[in-house]
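The structure appears right after this line, and notes come after that.
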Amino acid sequence: MAGKSKKKITSKKKISSALSVGSYKNKIVTFLETHDRKFMLLEELQKKCRSKKNGHENFTAALSELRTEGVILVRKGMKISLCSRMNCHPGTVSRLSRTFGFVMTDDGTEYFVPGKFMLGAMPGDRVLITDIPSRTDEPEGEIVDIIEEKGSTLSGRIEIVDGEPYLVPDTASRSHLIISLRESVPFEEGDKVLAEIVYRGRRHAEHKVKIRLVFGSSEYAASSAASILMMHGAPEDFPEDALRDAKKISEGGVQDFCFNNREDLRDLCIFTIDGAESKDLDDAVSVERTDKGYRLGVHIADVSHYVKGNSPLDKEALRRGTSIYYADKVIPMLPKELSNGICSLNPNENRLTLSAFIDLAQDGEMLSYRFCKSVISSRVKGVYSEINAILAGNESPEIREKYDCVRDAIPLIDELADMLIAKRARRHTPELDTPESKLVIGENGVCVDVLPRERGKSERIIEEFMLTANEAAAKLAREKESPFVYRIHETPPLDKTDRLRELLPKFGIDCPNFTDFKPAHASAILEKAENTPYYEAVNLMVLRSMAKAKYSEEPLGHFGLALKDYAHFTSPIRRYPDLAIHRIISDILAGYGTQWLGKRYSGFVHNAAEKSSGAELRAVAIERECEDCYKAEFMKSHLGEVFEGRISSVTEFGFYVTLPSTVEGLVHIRTLPEGEYDYSEPISLTEKFSGVSYRLGDTVKVLCSAVNVSEGQVDFVLDDDE
């Protein structure tokens, strides 16, 4: 008995002698820090940690956790080093093209990674990256380890080579990838497909895939758009509980009891102005003349009345972040029962709103503002093109009759907008030109035309009114010291403004003297470039020098608008930040104090700002990539035709030309006249011996030589007469 008892005690001692995973992690880091060389062999580390007998499992788990956390680097499974000693940074693969990728490190630095240094990593993968010499002064790196594989899907098209099908991926590799036919769904040559990696190599070209889904022919932009949406994780159908809530709200309608504690503005001359196709009408306006100037009313759909915090609708709206618009389609942030129904400010229907009344002086300066819960009934669904016709004095009798009920208001809104535009000029807001495209989609879903989106006076009127209301909303939050979601645009980074100072003289434009770059400096640069052949090029350079606008809980101001206070208040149907601040403003109006607001909303605004910024980036990428595919589809019918355009971007491999229609295509350096070309970033490509130069902003004639709808690419060659 005694022997057995002793044996049990010994067994317990053995179990208790094994260190925990956390203890092994501490030991591993300590031994690596004190080791006289950068790398330590795994066997030596095991001996020092005394893990071989009964701690092997916890030791291995500790190594795995340290590697996943980006603390250690494991080379060939046998050599271990601290990332800090190897100048390695943990990060995530954020973007990938065929020949390069980008990694966003945990400290927020984005690295450019040449394809040969990607190690086969896919978007979403957690990696370790180390610095390499940069060719552009931007951070450039090499992936030295993939510490967690997350990205396993990619899109592409099917190509048959020597009777065998291959995947030509949209990103990741120039090579054709082998397809595992046994594991794939049926597909045909030319199909646009979604593939999943079933085997990973050390290079992208070595990956093997199976085909999971077929979108349709890669010759159609609609197939590529479906692929883009899926690859970006765009939201699809609404969850059942959100749809159920939306249906219940819609069926309930706007009842009289909803008007309690609201100002009744149904007798006020209020109307909407939107595009002819718009169905989600979330803003309406009114203007009155006062003794001191004007009273502008901006009346926004009170979506927060229906979408309560943390409800199924709210959770889904936060996940989506924004509505996504592409071609003639929309992926809404809210179900259509709300976005096109009870929340849309349709004419002659009672609608619940959150109104901003802003008193303005004769010169457009803001005197005061107030917000209130309200009920309105819009007089008419105004359309930009029709209002523009009225302002130009060439409206049809039908338009004149339609707007008879708001006839007196139209000259007044025009007058006030002129005051606000002049005020914008006084604060030296840089008037950056950002052309937008209008895609004309035929009945068969094919793009039949591409046009520059026209922006008339009525579009400018609504823009100025919305900016004024947005500014007032941000001022209210600052005044009440309440947590808020601000729209911020920070001062351009110093390295970019220095680059601007260096490049402008090459276009014959003197750069203003500055220590701190201010909106007035950007405005002065654009004014100097106006009426010169290089205005578009300078406009683009100034635009590229800017920081990206985003959402923040900190009121950091808006550089591009030259405003100290700014938020997004006017589109709660299609943007979550607007819905978020409506909820906060409603509680301010209800009388809740600073302390209560702080406790309730501090964490909320941080989360809303962060997620909304990410959702916006996703939406912009989807809209841009889809637009490229539809433009390429349109250009298929114009192969071989000659166009005149401007050089909009210069690279070491050629230059891009933008046509008046807004279609952009690449003139590759290999198609230029034979010679040796010097690249002066980002200004020009110049042939050494002839001196022939292709400069940013130059007008050239090009022939459309090739189109790839699947990848959204258009290729040009210089016309023979050039």
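Restricting attention to segment 244-294, the residues that are in contact with a helix residue (DSSP H, G or I) (Cβ under 7 Å, 6 or more places away or on another chain) and of a type in the set (K, R) total 3. With the condition kept exactly as written, say whether any residue in segment 590-607 is of a type outside the set (S, T, Y), out of contact with any Lys or Arg (no Cβ under 8 Å at 6 or more places or on another chain), touching a residue at least 60 places away in the same chain (Cβ under 8 Å) and not in a helix (DSSP H, G or I). Within segment 590-607, none of the residues are of a type outside the set (S, T, Y), out of contact with any Lys or Arg (no Cβ under 8 Å at 6 or more places or on another chain), touching a residue at least 60 places away in the same chain (Cβ under 8 Å) and not in a helix (DSSP H, G or I).
The residue of segment 77-108 that is nearest to E43 (Cα to Cα), among those that are of a type in the set (V, I, T) and surrounded by 15 or more Cβ atoms within 10 Å (Cβ to Cβ), is I80. Can you find a residue in segment 118-130 that is of a type in the set (S, T, Y), surrounded by 22 or more Cβ atoms within 10 Å (Cβ to Cβ) and out of contact with any Pro (no Cβ under 6 Å at 6 or more places or on another chain)? Looking for residues that are of a type in the set (S, T, Y), surrounded by 22 or more Cβ atoms within 10 Å (Cβ to Cβ) and out of contact with any Pro (no Cβ under 6 Å at 6 or more places or on another chain), one finds none in segment 118-130, hence no. Residues of segment 513-540 that are closer than 20 Å to I683 by Cβ and part of a loop (DSSP other than H, G, I, E, B): E530, T532, P533, Y534.
Residue by residue through segment 53-108, note down the ones that are among the acidic types (D, E) and under 27 Å from A172 (Cβ atoms).
E69, D106, D107
Looking at the structure I just gave you, is E44 at pLDDT 80 or above and either among the hydroxyl-bearing types (S, T, Y) or within 27 Å of T92 (Cβ to Cβ) (or both)? So E44 does not fit the description; no.
Just to be sure before I move on: is L352 surrounded by fewer than 16 Cβ atoms within 10 Å (Cβ to Cβ), in the same structural domain as I461 (by TED's automatic domain parsing) and touching a residue at least 40 places away in the same chain (Cβ under 8 Å) in the structure I sent? The answer is no for L352.
From the set of residues in segment 541-583 that are in a loop (DSSP other than H, G, I, E, B) and among the aromatic types (F, W, Y), which is surrounded by the fewest Cβ atoms within 10 Å (Cβ to Cβ)?
Start the filter on segment 541-583 by keeping residues that are in a loop (DSSP other than H, G, I, E, B), which leaves 546-549, 553-557, 559-562, 564-574.
After this cut, where a residue has to be among the aromatic types (F, W, Y) as well, the list is 559, 566, 569.
Values: F559: 21, Y566: 24, F569: 29.
This residue is F559.
L540: aliphatic (A, V, I, L, M), over 30 Å from Y601 (Cβ atoms) and touching a residue at least 12 places away in the same chain (Cβ under 8 Å), yes or no? For L540, the condition - aliphatic (A, V, I, L, M), over 30 Å from Y601 (Cβ atoms) and touching a residue at least 12 places away in the same chain (Cβ under 8 Å) - is met. Among the residues making up segment 480-498, those that are surrounded by fewer than 17 Cβ atoms within 10 Å (Cβ to Cβ) and either part of a loop (DSSP other than H, G, I, E, B) or on the phi > 0 side of the Ramachandran plot (or both) are E481, E490, T491, P493. All of (1) touching a helix residue (DSSP H, G or I) at 6+ places or on another chain (Cβ under 9 Å); (2) in the same structural domain as G614 (by TED's automatic domain parsing); (3) in contact (Cβ under 8 Å) with a residue 60 or more places away in the chain hold for D587 with one exception: (3). Identify the residue in segment 355-379 that is hydrophobic (A, V, I, L, M, F, W, C) and crowded, with 19+ Cβ neighbours inside 10 Å and, among all such residues, is nearest to L589 (Cα to Cα). Among those that are hydrophobic (A, V, I, L, M, F, W, C) and crowded, with 19+ Cβ neighbours inside 10 Å, it is F371. None of I179, I160 is loosely packed, with under 15 Cβ neighbours inside 10 Å and in contact with a Phe, Trp or Tyr (Cβ under 8 Å, 6 or more places away or on another chain) except I160. Would you tally the residues in segment 438-453 being of a type outside the set (A, V, I, L, M, F, W, C) and closer than 20 Å to A226 by Cβ? Adding up the residues that qualify gives 4.
Would you pick out the residues in segment 517-540 that are under 10 Å from P492 (Cα atoms) and surrounded by fewer than 18 Cβ atoms within 10 Å (Cβ to Cβ)? Listed by number, the list holds a single entry, K518. When the residues of segment 63-81 are filtered to those that are part of a strand (DSSP E or B) and out of contact with any Cys (no Cβ under 7 Å at 6 or more places or on another chain), the one that is modelled with the highest pLDDT is I80. With respect to the conditions (1) at pLDDT below 95; (2) within 22 Å of R98 (Cα to Cα), D237 falls short on a single one, namely (2).
The values are calculated or read from the model by the stated rules, or taken from the named source; none is laboratory data. This structure is a prediction, so every number in the text was calculated from the model and none was measured. Neighbour counts are summed over all protein chains in view; Cβ atoms, including those assigned to glycine, are modelled from backbone coordinates with ideal geometry.
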